[in-house]
Amino acid sequence: MSKVCQITGIHYQNGNNVSHSNRKTKRRFLPNVAKKKFYIPEEDRFVTLKVTSAGLRLIDKIGLQAALRRAEAKGFLNK
């Protein structure tokens, strides 16, 4: 499962592990992505999305239909 949110487009970031002696080694910061099933009453069907916690908050704020339209316009939603 790729760690990319289908609603917000959030993906991993690169950074460094910094030790006590200040040595730096590369690492990845992964987003909090989970599979979640949503019900769309207008289409009378369920849809499964990979969303971050920020994506869930966005869906709660603007609604599922508006979030899906916004994600599709920005190219985050792959069909």
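Tabulated values for the structure
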{"quantity": "Helical contribution to [θ] at 222 nm, DSSP H n ≥ 4, -39,500 (n - 2.57), averaged over the chain, rounded to 500", "calculated": "-8000 deg cm²/dmol"}
{"quantity": "Percent RCO, i.e. relative contact order, over the chain, from Cα pairs under 8 Å lying at least 6 residues apart", "calculated": "32 percent"}
{"quantity": "q = 0.13 Å⁻¹, the stretch 1-76: log10 I(q)/I(0) [Debye, one scatterer per Cα]", "calculated": "-0.48"}
{"quantity": "Rounded tilt (10° steps) of 64-74 against the dominant C-alpha axis of the chain", "calculated": "60 degrees"}
{"quantity": "Hits among lysines - C-alpha to C-alpha of Lys26 under 20 Å, sequence gap 8 or more where chains match", "calculated": "Lys3"}
{"quantity": "Degrees separating the helix 53-62 axis from the principal Cα axis of the chain, which is the longest one", "calculated": "30 degrees"}
{"quantity": "Euclidean distance of C-alpha centroids, the stretch 5-30 and the stretch 37-55, integer Å", "calculated": "28 Å"}
{"quantity": "Furthest towards positive pole of dipole, Ser19, Ser53, Ala71, structure part the chain, Cβ charges", "calculated": "Ser19"}
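Bear in mind that the values in this text are calculations on the coordinates, not laboratory data. Note that the structure is predicted; figures quoted are calculated from it, not measured. Every residue, glycine as well, gets a Cβ built from its backbone with ideal geometry; the counts of neighbours run over all protein chains shown.
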